[in-house]
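A quick write-up on the structure given underneath.
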Amino acid sequence: MKDFTMLFPGRVYFGNGCLDRLKDAPIRGRRGLIITGRHSAKKSGLLDRVKKILKATGREIFIYDDVEPEVSVETVDKAAELARRYRADFFIGLGGGSAIDCAKAVSGIYKDRLSVKDYLDTKTPVRRDSGFLIAIPTTAGTGSESTKNAVLTYTAKKIKISLRGDSLVPSMAIMDPELTYSMTKEITAYTGMDALTHAVESYFSSNANEITELLSLKAVTLILGSMSAAYKKPLDKAARYDMMLGSFTAGLSFANAGLGAVHGIGHPAGAVLKLPHGLVNAVLLPHVLEFNSAAIGAQLMQFRKATGFDLIKKIKSLNKSMGIPARLTASSKGGVKKIEEIMERVEYSASMSYNPVKMDDKRVRQILKGAL
Ligand SMILES: [Fe+2]
């Protein structure tokens, strides 16, 4: 018997074409700031579509369209300044994880005249009355629409760091699988493997509960069953639907159960090696599972019974089929030089603390030696 507390996004719309539900969605606010990346939402016409739907409801809409991949603290500060200037009172994160995380951070800090760095430096949680926040993901992977943190790149410190607060869980999530059809093969692979990592790590997390276990199992089954088809055929409706459902289910789970050493090691490794989050996780996942296997043998068996998959073998073959390498660097010699740089940035407080095997410097070094 275990007590637990769970957080979920306030209202969720899920399904093909559900973006149109924005028309009559109960949005709290009159002046919205859409926060998005530099290219894809503009190129695909999605940004115009969202703007048009919201304007037709009589609201004023403003745009910040300069979010870079692995969004930085400087970008959050710029977008928050714009929010203050426009007197925005609700926020829409439109795009991949970086756009949504940027919108989450802005909604949490715009009411104060502080830099996001001030919150991060002092580990101050964001205020409870953050702005009404709508997450509209265009990738099936990050789970940002369900979580209470925004992952940011702290440029000067060369680290990935989370801004946290219960109020950062989006007020509304619009999960429309049709918005993921324009993802490139590479983005499909990286974001999909990030989602799979969320599902797997939350399943084995020492903080899992009976509900998150169910969500994680469902997510793994959905993602393993549709990843290859979504990668090979971008317009495969059923595969895109299942990938988005799997990614969302995994997000609901890890937002409450936490993650593990793949994310614990992956954030500093990605920041030092300058590699995308999903790629780093995809490579690290089998290494960490093998490392953990002595402690999770019974669960791996149970998992095999439930899904019919040998999880570690299946992940390795999926990676290979999508051109994801077995290691993070081209040569292990070059990689060894980076280990200490990564070790300086490893923290044991967040994701790492939920890994089923307790992690320490010696163990993290051992995993990095195998993966670099
Ligand atoms: Fe992730």
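Values in this text are rule-based calculations from the coordinates and carry no lab data. Source: prediction; values computed, not measured. Note that each Cβ is placed from the backbone with ideal geometry, even for glycine, and that neighbours are counted across all protein chains shown.
Tabulated data
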quantity: Label-point separation in nm, Arg128 to Thr57, each point 7 Å along Cα→Cβ; calculated: 2.6
quantity: Contour minus Cα-Cα distance for Asp118 and Glu186 (0.36 nm per residue); calculated: 21.0 nm
quantity: Debye log10 I(q)/I(0) for segment 28-158, one point scatterer per Cα, at q = 0.10, 0.17, 0.22 Å⁻¹; calculated: -0.28, -0.82, -1.38
quantity: Beta bridges by DSSP in segment 56-165, antiparallel share as percent, to the nearest 5; calculated: 45
quantity: Within a Gaussian network of the chain (alpha carbon springs, distance under 10 Å), most fluctuating of Ala103, Ala238, Ala79; calculated: Ala238
quantity: Shape box of the chain [Cα atoms, principal axes, largest first, Å]; calculated: 58, 46, 44
quantity: Calculated [θ] (222 nm, deg cm²/dmol) that DSSP helices of n ≥ 4 give over the chain, each run adding -39,500 (n - 2.57); calculated: -16500 deg cm²/dmol
quantity: Residue with peak Gaussian network fluctuation, the chain [Cα springs, cutoff 10 Å], from Leu179, Leu222, Leu114; calculated: Leu114
quantity: Estimated inter-spin distance, Arg327 and Thr307, nm [label 7 Å along Cα→Cβ]; calculated: 2.7
quantity: The chain: most fluctuating residue of Ala83, Ala208, Ala156 per GNM, C-alpha cutoff 10 Å; calculated: Ala156
quantity: On Cα atoms only, tilt of 210-232 relative to the major axis of the chain in degrees; calculated: 90
quantity: Charge dipole magnitude, Cβ of K and R +1, D and E -1 - segment 11-178, Cα centre, debye nearest 20; calculated: 380
quantity: √(5λ) per eigenvalue of the Cα gyration tensor, segment 162-207, largest first, Å; calculated: 23, 19, 10
quantity: Length released on extending from Leu235 to Val336, taking residue separation times 0.36 nm less the Cα-Cα span; calculated: 32.3 nm
quantity: Lys, Arg +1 and Asp, Glu -1 on Cβ, resulting dipole of the chain about Cα centre, debye, nearest 20; calculated: 480
quantity: Semi-axes of the equivalent ellipsoid for segment 183-371, Cα gyration tensor, largest first, Å; calculated: 25, 20, 14
quantity: Cβ-defined net charge surrounding Leu152, 9 Å radius [Lys, Arg +1; Asp, Glu -1]; calculated: -1
quantity: Part-to-part distance (alpha-carbon centres) for segment 127-183 and segment 201-258, which is given in Å; calculated: 17
